[in-house]
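Every number here is computed from the coordinates shown, using simple stated rules; none is lab data. Computed from a prediction, not measured in an experiment: that's the story for all the values here. In this analysis, Cβ positions are derived from the backbone assuming ideal geometry, glycine residues included, and neighbour counts consider all displayed protein chains.
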Ligand SMILES: [Ca+2]
Ligand SMILES: [Ca+2]
């Protein structure tokens, strides 16, 4: 497998990147990392590393692939349920169980159609590779479904994150481009959910006593495409907001993050949405973007390869075709870097060696897996 380095992009790119409005855009040749192309996928959506250094990669149409970065081998994984991948639908996130070493459990999310309506589902199965290399998820069970399923195929969200203690599974449900469900206590849409690892609502969720669906942890969200815990156990979430309103939020139990009642952006049809304001009863984002970045994936970086970025959030930018870094300081967050990657970036992951791994969002030959390593 050839690893093509992109570090030597022409210096001309500096002159061409005339985006003077955004001082945080770093010209390509100034990137403080080397970019290597590792592989190519067909509209990849998410990835996660196995303990042995291989990776599970999901593709939009419904394939999960076991990929070996050591030799470039790709093995399709059997056992994935039927995915409805129309529109923004996809086989979405994939995350290992905190007890993977013992039970080989793999959690994943996907959009599906049932009785003409669509929604995002959460499933788990056990990773199994036979001696001939054949690989499958055994005993796949759908353990949670968003509620309600609705028409349309946008804003599923579907990101998964385990709490650092391994006891809880946090799952995002987008508002499905229906707006009001994000404020509806009886709907899981537009919410961050806290579940037990078996998919049932966790006991003690903060709004259950107020009559909310018991799985709900926080509400008033739009399209939540990133979810990550930091080293101190804070839960960070990134969401695709309306026009001019992309957000990074610090998620706290029971809080209302405002959508669609308030947002620093406005509706795509031009209607205004009141901005977040002190005392309005809604939790404001820690960072918001206008112009937007279209955040696709979120990583909390804890590796050693880039010591200066330890403790930062990294966001893959879709329409902005960028990699975005957000600097954290306790509960504070601020924009730090935005590098032009020349392609929509869907996923950001940390490798076993602390390298940053990205997945581009495009179809074949435009859905590359990139590895970012320090410029030595
Ligand atoms: Ca991932
Ligand atoms: Ca606004």
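At a glance:
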| quantity | calculated |
| --- | --- |
| Between region 182-217 and region 331-355, the alpha-carbon center distance in angstrom | 30 Å |
| Relative contact order of region 4-374, pairs being alpha-carbon contacts under 8 Å that are 6 or more residues apart, as % | 14 percent |
| Fewest-first ranking of 357, 339, using other Cβ atoms within 10 Å as the exposure measure | 357, 339 |
| Taking the C-alpha atoms of region 218-311, convex hull volume expressed per residue in Å³ | 104 Å³ |
| Region 86-238: projected area of the alpha-carbon convex hull, averaged over directions, in nm² | 10.0 nm² |
| The chain - mean residue ellipticity at 222 nm from DSSP helices (-39,500 (n - 2.57) per run, n ≥ 4, rounded to 500) | -500 deg cm²/dmol |
| Per-selection metrics, region 112-178 (Cα): Rg and Dmax in Å | 15.1, 48 |
| Which of 95, 150 has the fewest Cβ neighbours within 10 Å, and the rest in rising order | 150, 95 |
| Ratio of Rg to Rh over the chain (Cα coordinates, Kirkwood Rh, two decimals) | 0.95 |
| Taking 137, 358 and counting other C-beta atoms within 10 Å, the order from fewest to most | 137, 358 |
| Alpha carbon Rg of region 258-374, scaled by the compact-globule rule 2.2 N^0.38 Å | 1.19 |
